[in-house]
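*Asks:* Could you have a look at this structure, given as structure tokens, before my questions?
The values are calculated or read from the model by the stated rules, or taken from the named source; none is laboratory data. All values derive from a computational prediction rather than experimental measurement. Note that we place each Cβ from the backbone using ideal geometry, even for glycine, and neighbour counts take in every protein chain shown.
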Amino acid sequence: MLKIFPLTLFLMIFVAPGNAQKIPAAKIDNYVKAEMRKQQIPGISLAILRNGKIVLLRSYGLANIEHRVPVKPETVFQSGSIGKQFTAAAVMILVQDGKLSLDDHLAKFFPDVPASWSNITVRHLLNHTSGLGDYPPEIELQRTYTEEQMFAAFKRAPLQFAPGTGWDYSNAGYATLGFLIRKVTGKFYGDFLEERIFRPLGMTTARVISEADIIPNRAAGYRLVDGRLKNPEWVSPTTNSTADGSLYLTVLDLAKWDAALFTDSLLQPTSRELIWTQTRLENGRLKPYGFGWHTNVIHHHRLVFHGGAWQGFKSSIVRVLDDRTTIIFLANSWATNDFKLTRGLLAVLYTPFALPPVEPIPDNESKLSALARRVLLDLSKGTINSDLVTPELRQQLTPEKLKQLSDKINAVSLPVAVIHLSELTESREANGLRIHKYLLTDIGESLSATVTFTKENKIARVELSEL
């Protein structure tokens, strides 16, 4: 296993005068450094802001392991899906400009969309209720596509549900918003972001990803393979430049973005309220997601937040609206448990967010854990693969039981991310069965999933409980 460098050697510190007493800096340092050791995270850039002003700025560890380059505030990381909030803001700017409406149908701009898309609106794309889902299997991340070719692949894929009737986190939907921005403005969405958001806000290092260009202070991303840090797998330039989260950002860029969200300089008050308003499905149920932001009241605090994951990087931004406090971090390891790290940072400032006193243990049966995660993902969608479970469990999983389990899993912010980041906390045998417990950590709560396996590696039981 690669030895993790001494974190204190590369720790850079900034505390704004007059605010240090309000931020428990030592607790934050201790927590972040401990998690970096546990999770083998090479580097993290962190900022805490109050009223749009930086009150704590931290740089931990290495931006590049091979060259031993330390992280600094100017280090450039990849955004992952926190880039979606910039795509959403760009669309809202076009709404403010009168160039489109949230209730415009996609067919107004793309007349050749399938008949099943006829009811998809701009709003559906923004709040993940279009039915598009993730990229279709035919899209290979290592291949080069034109926007037209990628959009054609989206149009060939069946919808997950009728627009407005369900919610499914949709990277394809946000990539489509990028195509829409070009259609309306005649410009690549990244150029539109530069013109209308990055340049006006002074976000001087924010831009769309480019491996070809020389990018000063660019961090390297990493992944964990069998406990060893590796470079990420390569993806093509076109799949690395779509509007679902393909940006370069520094923590200083994001600080300027946070400051702008306290003013009317970019988005009007009605636009800001819309992006942070929960989505109401056609059946009346609410989903705590707006336009490019999760939005919810958790432990009596109104939060808007989002995480990102892409090419060896993880990112997070959480804004406590009633307290005008923001926490931002950028990390260069795909294995970073961004939900846990975000919640742990929140807990330093707001004790009700405290993580449960449960520590993960080494997972020596990764194939079983992969099976458990696969079944949990199926359950989040209200389905089950009979080949993965015992006949007895399949019989017990009535439609009502499936719905109960689905509702429990979908109460978390983003089931896909939380399930993939689940940690093994207990492993034991009883009566010839293996019993594993997994901790699923969300921003405001934690779920414990107890999964029982037979000798034939079939799942015999799944129990979910809140911690």
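*Asks:* Would you point out the residue of region 414-432, among those that are among the charged types (D, E, K, R) and farther than 29 Å from Thr295 by Cα, that is surrounded by the most Cβ atoms within 10 Å (Cβ to Cβ)?
*Replies:* Per the stated criteria, the residue is Glu426.
*Asks:* Still on this structure, I have one more. Which residues, taken from region 367-387, are out of contact with any Asp or Glu (no Cβ under 8 Å at 6 or more places or on another chain) and within 18 Å of Lys455 (Cβ to Cβ)?
*Replies:* Lys367, Leu368, Ala370, Leu371, Ala372, Val375, Asp387
*Asks:* Scan region 228-244 and tell me whether some residue there is at pLDDT below 95, closer than 30 Å to Glu66 by Cβ, of a type outside the set (Val, Ile, Thr) and over 22 Å from the mean Cα position of the chain (by Cα).
*Replies:* yes
Yes/no matrix, rows are residues, columns are (1) surrounded by fewer than 19 Cβ atoms within 10 Å (Cβ to Cβ); (2) touching a strand residue (DSSP E or B) at 6+ places or on another chain (Cβ under 8 Å):
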| residue | (1), (2) |
| --- | --- |
| Glu195 | yes, no |
| Ala206 | no, yes |
| Ile215 | yes, yes |
| Gly227 | yes, no |
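Yes/no per residue for (1) more than 21 Å from the chain's Cα centre (by Cα); (2) in a helix (DSSP H, G or I); (3) of a type in the set (D, E, K, R); (4) surrounded by fewer than 16 Cβ atoms within 10 Å (Cβ to Cβ):
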residue: Val113; (1), (2), (3), (4): yes, no, no, no
residue: Ser116; (1), (2), (3), (4): yes, yes, no, yes
residue: Leu125; (1), (2), (3), (4): no, yes, no, no
residue: Leu132; (1), (2), (3), (4): no, no, no, no
residue: Ile139; (1), (2), (3), (4): no, no, no, no
residue: Arg143; (1), (2), (3), (4): yes, no, yes, yes
residue: Met150; (1), (2), (3), (4): yes, yes, no, no
residue: Phe154; (1), (2), (3), (4): yes, yes, no, no
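*Asks:* If you check Phe86 against the conditions, is it in a helix (DSSP H, G or I) and either surrounded by 18 or more Cβ atoms within 10 Å (Cβ to Cβ) or among the acidic types (Asp, Glu) (or both)?
*Replies:* Spelling it out, Phe86 is indeed in a helix (DSSP H, G or I) and either surrounded by 18 or more Cβ atoms within 10 Å (Cβ to Cβ) or among the acidic types (Asp, Glu) (or both).
*Asks:* Looking at Gly290, Gly308, Gly312 in this structure, which one is under 19 Å from His124 (Cα atoms) and at pLDDT 95 or above?
*Replies:* Gly290
*Asks:* Then there is this: If a residue must be under 29 Å from Phe151 (Cα atoms) and outside any loop (DSSP other than H, G, I, E, B), how many such residues does region 179-229 contain?
*Replies:* 20
*Asks:* Same structure again: Restricting the search to region 82-111, which residues are under 23 Å from the mean Cα position of the chain (by Cα) and hydroxyl-bearing (Ser, Thr, Tyr)?
*Replies:* Within region 82-111, just Thr87 meets the criteria.
*Asks:* Show the residue pairs that are 6+ apart or on different chains and have beta-carbon atoms under 6 Å apart, the first residue being within region 132-161 and at positive phi, the second being among the polar types (S, T, N, Q) and surrounded by 16 or more Cβ atoms within 10 Å (Cβ to Cβ).
*Replies:* Gly133/Gln160; Gly133/Ser170
*Asks:* Sticking with this one: Pairs please, first residue from region 358-370 and under 17 Å from Leu447 (Cβ atoms), second anywhere and at pLDDT 90 or above and assigned to a loop (DSSP other than H, G, I, E, B), Cβ atoms under 8 Å, 6+ apart in sequence or on different chains.
*Replies:* Here the result reads Ser369/Asp363; Ser369/Ser422, each pair linking region 358-370 to a residue that is at pLDDT 90 or above and assigned to a loop (DSSP other than H, G, I, E, B).
*Asks:* Would you please list the contacts, defined by Cβ atoms under 9 Å and residues six or more apart or on different chains, that run from a residue in region 331-356 that is over 13 Å from Glu35 (Cβ atoms) and modelled with pLDDT of 95 or more to a residue that is of a type in the set (Lys, Arg) and assigned to a helix (DSSP H, G or I)?
*Replies:* Phe353/Arg343; Ala354/Arg343
*Asks:* Here's something else I'd like to know. Test Val297 against the criterion of being β-branched (Val, Ile, Thr), surrounded by fewer than 20 Cβ atoms within 10 Å (Cβ to Cβ) and not in a loop (DSSP other than H, G, I, E, B), and give yes or no.
*Replies:* Answer is yes for this residue.
*Asks:* Okay, moving on. Among the residues of region 140-184, write down those that are under 20 Å from Thr238 (Cα atoms) and among the hydroxyl-bearing types (Ser, Thr, Tyr).
*Replies:* Scanning region 140-184 gives Thr144, Tyr145, Thr146, Ser170, Tyr174, Thr176.
*Asks:* Which is touching a Pro at 6+ places or on another chain (Cβ under 8 Å) and over 30 Å from Asp378 (Cα atoms), of Ala212, Ala153?
*Replies:* Ala212
*Asks:* Looking at region 302-324 only, could you name the residues that are under 23 Å from Val225 (Cβ atoms) and of a type outside the set (Lys, Arg)?
*Replies:* Hits for region 302-324 are Gly307, Gly308, Ala309, Trp310, Gln311, Gly312, Phe313, Ser315.
*Asks:* Please determine whether any residue of region 424-431 is modelled with pLDDT of 95 or more and touching a Pro at 6+ places or on another chain (Cβ under 7 Å).
*Replies:* yes
*Asks:* Out of all the residues in region 262-280, which are in contact (Cβ under 8 Å) with a residue 60 or more places away in the chain and touching a strand residue (DSSP E or B) at 6+ places or on another chain (Cβ under 7 Å)?
*Replies:* Matches in region 262-280: Thr279 only.
*Asks:* Select from region 286-315 the residues that are over 14 Å from the mean Cα position of the chain (by Cα) and among the basic types (Lys, Arg) and write down the one among them that is farthest from Asn240 (Cα to Cα).
*Replies:* Result: Arg302.
*Asks:* Sticking with this structure for a sec: For residues in region 40-71 being touching a Leu at 6+ places or on another chain (Cβ under 8 Å) and among the polar types (S, T, N, Q), which is surrounded by the fewest Cβ atoms within 10 Å (Cβ to Cβ)?
*Replies:* The selected residue is Gln40.
*Asks:* Taking region 233-290, which residues are within 23 Å of Phe313 (Cβ to Cβ), part of a loop (DSSP other than H, G, I, E, B) and aromatic (Phe, Trp, Tyr)?
*Replies:* Trp234
*Asks:* Still on this structure: Select from region 423-437 the residues that are under 12 Å from Thr450 (Cβ atoms) and among the small types (Gly, Ala, Ser) and list them in ascending order.
*Replies:* Passing the criteria: Ser427, Ala430.
*Asks:* Another one. Tell me the helices (runs of 4 or more DSSP H) entirely within region 350-467 that contain at least 1 residues that are of a type in the set (A, V, I, L, M), touching a Gly at 6+ places or on another chain (Cβ under 7 Å) and over 20 Å from Asn337 (Cα atoms).
*Replies:* Here the list reads 399-410.
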